[in-house]
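See below for the structure under consideration.
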């Protein structure tokens, strides 16, 4: 996509938002989460079909990233930190098994195919990530964010995201031929998790007084803009500290949930989210190349075979992870399925594998196929196992959350 | 500003929004419209002071333009088309005199200074534009958008913006040495005004049924996103048709005002506006180079003299235009003052004069000085002549606007 002038950019936004909302409405109409429609809209608009949306365009990429940051901030705003901590042990087990098992299975598949050990490691790593954005959005579409299973999935997906960063750092070191020591891995891990812990601890004390002080300013929209600034600011800080942007945004949501302005902020941010979040899912969809699905092309047959094996490894690995906390009495099927979508995180790994020369074009396409299938099967499967609740039938939320923060 | 990665971009947005809101609150605290604070925030963050915000950065420029498009859409939503048409004659006289007089005065100033005839024309043209964005925002900050004077200013500023496009086309032809015929000028003028008329006529029939149809879709936020799509879409169409983007956005607002969802849309769009609009004013402020104000530098003395003369021409020209509709019995001082700010439109002219080689660096700085001073004096002057009304004391708005559209 060449340099866009402002009117063309406005036209492109109209097309993206229009197609995303149309496909979102169609998805809902056939009983699927709206996010599935937005992903399909991205595929249709993307390079491999219409060629209207280039996911590598700088401006679009930035706006899409604002979208996922705002989404995770919203999810944080709807998540009760105390209840998240309560399921922390279960989440940690799901996350750990959900990283180890897919890695082992992916490694085994590549070993069976006679591939190099570095290729096995990178392909295995690609299978470890969970796209917390897609899972969280599906749970939100199903109106199920307040269920214990959702909190376990969310907790595990957030842990996965942090683990994914560590794996990314290790793998990127390996592909560049650097030596990776246990010490450097431990350091990366500590920093990534330490950021979340430190932010929540420090934020618990300084965020509420700041919110109280700022809400006295008589400028319309101030609480929402302040909330967005906190989300963007912590996302930036998280990245600067070596953690993931969306972890910072999620932490900002958790911190603001207990403040008196939380409800106002939630409503205000929702309007920004309606604009920015579809841009993210369209960008994820647009990065998918559906041409590898064409079996008439002989070059695709091997890709489809390898991709098929990776899909089996990816799905089984995460699904069984849902059963890992054997003592947990909830719906463990839902947890496993909730961990399946690889989304943009998987694509980032695949891109890195290709760029570093570890993956050839065929293997890259097979990995992309795995990302595509896991991303697209999770929403309908989750919907099937975890039918949506009507907003009116949701039990009223307990009051008195303020004590957590004050 | 070099290429920005996503976290840096988030950090930059936090700084821009934070400083804009802070200076906006300070401006209000000393009794000035918030927009003045946002402009000052831009100057402080801009190239000539902190160097944090480069108004030429592509992404920031695009987001700022989304801001002014959303602002004009909001203003359109708050403007009653019927009442705007009622004051149309007065507005047209104010606009015409407000273009002719500053042009003549600017031409005269440059003639007195012994400048070339092409320079006189381009400098005169720079004095003709009114920044409808700044005026509209000040009137909105003062809670005065519903006054007849405001409607006259708004109508005249919109006409000015269209005339400005025509002048821009003519002047850009002249600076490139093209021949400009009466026919080509007439054609540009017809297209620019024809777009607005055609859009309002056609839109009156097709927008309400579309809004009714779309509001049946059960996706949260749909009316707001549809409204934004209409605003962006008409902005794009306006530009493609040879008119100005903000005219399209303003027309979208006028069209949606009468629909049953207008109130919901207004509330939803306000949240997007709180985010995007300050980016526009900060970008306008950041484009100002305050270093020309330093009288210690001898090179600035001539700039300050020429700039001072241009300021007098610019202020007197627009102020007297307010008195041009001699039969009008309202507050004509307010009208003249409301037309004074040149804002980003003036900067675009100045930039073109510099790029084409018609202005030398000194004259460019003098013109920039004129833009800066007219932009910054208008908010406090308007505030003085047109004190803000408390929202609670505003008379209730008459009902029954729907008949206009249905």
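The values are calculated or read from the model by the stated rules, or taken from the named source; none is laboratory data. For clarity, every value in this text was computed on a predicted model and none was experimentally measured. Methodologically, a virtual Cβ is constructed for each residue, glycine included, from the backbone with ideal geometry; neighbour enumeration extends over all protein chains shown.
Quick notes on this structure:
Each row is one residue, and each column tells you yes or no for (1) within 8 Å of chain B (Cβ to nearest Cβ); (2) in contact with a strand residue (DSSP E or B) (Cβ under 7 Å, 6 or more places away or on another chain); (3) under 19 Å from residue A:347 (Cα atoms); (4) surrounded by fewer than 23 Cβ atoms within 10 Å (Cβ to Cβ).
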position: A:5; (1), (2), (3), (4): no, no, no, yes
position: A:25; (1), (2), (3), (4): yes, no, no, yes
position: A:29; (1), (2), (3), (4): no, no, no, yes
position: A:42; (1), (2), (3), (4): no, no, yes, no
position: A:45; (1), (2), (3), (4): no, no, yes, no
position: A:49; (1), (2), (3), (4): no, no, yes, yes
position: A:53; (1), (2), (3), (4): no, no, yes, no
position: A:57; (1), (2), (3), (4): no, no, yes, yes
position: A:65; (1), (2), (3), (4): yes, no, yes, no
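- Count of segment A:172-183 residues which are part of a helix (DSSP H, G or I) and modelled with pLDDT under 80: 4
- Members of segment B:106-115 found to be out of contact with any helix residue (DSSP H, G or I) (no Cβ under 7 Å at 6 or more places or on another chain) and in a helix (DSSP H, G or I), listed by number: B:108, B:112
- All positions within segment B:238-248 that are surrounded by fewer than 19 Cβ atoms within 10 Å (Cβ to Cβ) and more than 7 Å from chain A (Cβ to nearest Cβ): B:241, B:242
- Condition check for residue B:263: more than 30 Å from residue B:168 (Cα to Cα), surrounded by fewer than 24 Cβ atoms within 10 Å (Cβ to Cβ), at the interface with chain A (Cβ under 10 Å from one of its Cβ atoms) and free of Cβ contacts under 8 Å to residues at least 24 places away in the same chain: no
- The number of residues in segment B:127-169 being assigned to a helix (DSSP H, G or I) and touching a residue at least 40 places away in the same chain (Cβ under 8 Å) comes to 30.
- Where helices (runs of 4 or more DSSP H) sit wholly within segment B:332-406, those with at least 2 residues that are modelled with pLDDT of 75 or more and touching a helix residue (DSSP H, G or I) at 6+ places or on another chain (Cβ under 9 Å) occupy B:332-338, B:343-355, B:361-385.
- Condition met for residue B:118 (assigned to a helix (DSSP H, G or I) and either in contact with a strand residue (DSSP E or B) (Cβ under 8 Å, 6 or more places away or on another chain) or away from chain A (no Cβ under 14 Å) (or both)): yes
- One residue stands out in segment A:275-320 among those that are part of a loop (DSSP other than H, G, I, E, B) and under 23 Å from the mean Cα position of the chain (by Cα): the one that is nearest to residue B:227 (Cα to Cα), namely A:287.
- Extreme residue, nearest to the other protein chains (Cβ to nearest Cβ), among residues of segment A:208-222 that are in contact (Cβ under 8 Å) with a residue 24 or more places away in the chain and surrounded by fewer than 22 Cβ atoms within 10 Å (Cβ to Cβ): A:221
- Residues that are more than 8 Å from chain A (Cβ to nearest Cβ) and closer than 19 Å to residue B:81 by Cβ within segment B:223-237 comprise B:227, B:230, B:231, B:234, B:237, listed in sequence order.
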